[in-house]
Amino acid sequence: DDDLIALSRVARVVADARDAMLAEVRSGVTTGELDAIGRDVLRAGGARSAPRLAYGFPGWTCISINDEAAHGVPALSRHLVEGDLVNVDVSAELDGYWADTGASAPVGRVSAERSRLVEATRAAQRDAMSAARAGRPLRMIGRAVERRARSCGFRVVADLCGHGVGRHIHEDPSVPGVEDRCDRTVLWEGLVLAIEPFLSTGATSVVEAGDGWTLRTPDGSVTAQFEHTVVITNGSPLVLTASAA
């Protein structure tokens, strides 16, 4: 019970930071300005940025645009423009507990394909959480993501996986967005996971950009991601990073 209370506390802070950042997504705003919003929410909640703390990341949050799938570095010189697809990924530590969340959003009016990509990825994340129950194989999460992606005409970025979380930002087990039929891992009650499918308009892999942090698609494919920290139960998982009511 104490663990759940502490996890819920840090999860509330990262979810609030995510939502505060998303509320300011618009053409003309810089990723550095969005990062500062996330920083202020984390500080107000007494939390420390996970990527800064664990890896020395140069931002408080990760902000990725279009073909940048993950770990985009915020900058005051980087402006969002109409038609972009932006992802914010917020993770933090508070009193020894860690939580992780993320979401993608359109900047103003975007193409029909990009709009569909966002909705397909959101649905894939919901499907993945529905598949995550104690006693079920972990690989069913990847199966659910693959099925949704395929039915919507998109691809899964298989290089990028969800993960265990709670006592550190990245823990075992890895949670692939594709089904690994050789994986015999069975989910158990009380397991804490960050479930985060990445879908793209074409690519299934990523490469590291010249800044040494950003991961982008090799062919310019646009990507989207949604992520929640959840606790596995015998029924539907507890979603710790849901938006405040």
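The values are calculated or read from the model by the stated rules, or taken from the named source; none is laboratory data. Worth saying up front: this structure is predicted, and the values here are computed from it rather than measured. All Cβ positions, glycine included, derive from the backbone under ideal geometry; neighbour counts span all protein chains shown. To get the accessible areas, we keep the full protein, side chains included, count just its heavy atoms, and leave off ligands, DNA and RNA. Shrake-Rupley method; radii C 1.70, N 1.55, O 1.52, S 1.80 Å.
Could you check segment 154-245 for strands (runs of 3 or more DSSP E) lying wholly inside it with 3 or more residues that are farther than 17 Å from Ile65 by Cβ? In segment 154-245, 162-164, 171-175, 192-195, 228-231 are the strands (runs of 3 or more DSSP E) which contain 3 or more residues that are farther than 17 Å from Ile65 by Cβ. Scanning segment 134-152 for residues being in a helix (DSSP H, G or I) and not basic (Lys, Arg) gives a total of 9.
Only residues that are farther than 16 Å from Val230 by Cβ, in contact (Cβ under 8 Å) with a residue 60 or more places away in the chain and open to solvent by less than 40 Å² (accessible area, probe 1.4 Å): list them for segment 167-200, please. Phe198, Leu199, Ser200 - these are the residues of segment 167-200 that are farther than 16 Å from Val230 by Cβ, in contact (Cβ under 8 Å) with a residue 60 or more places away in the chain and open to solvent by less than 40 Å² (accessible area, probe 1.4 Å).
A quick yes/no check of all residues on (1) among the small types (Gly, Ala, Ser); (2) touching a Cys at 6+ places or on another chain (Cβ under 6 Å); (3) open to solvent by 20 Å² or more (accessible area, probe 1.4 Å); (4) over 16 Å from Trp60 (Cα atoms):
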site	(1), (2), (3), (4)
Val73	no, no, yes, no
Arg78	no, no, yes, no
Val90	no, no, no, no
Ser111	yes, no, yes, yes
Arg114	no, no, yes, yes
Val118	no, no, no, yes
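Scanning segment 63-122 for residues that are of a type in the set (Ser, Thr, Tyr) and more than 30 Å from Asp2 (Cβ to Cβ) yields a total of 6. Consider segment 37-65 and keep the residues that are surrounded by fewer than 17 Cβ atoms within 10 Å (Cβ to Cβ) and among the hydrophobic types (A, V, I, L, M, F, W, C). The one that is farthest from the chain's Cα centre (by Cα) is Ala44.
Just one of the listed residues (Ala128, Ala203) is within 14 Å of the chain's Cα centre (by Cα) and surrounded by 22 or more Cβ atoms within 10 Å (Cβ to Cβ), and it is Ala128. When Gly164, Gly142 are checked against the criterion of being small (Gly, Ala, Ser) and surrounded by fewer than 23 Cβ atoms within 10 Å (Cβ to Cβ), a single residue qualifies: Gly164.
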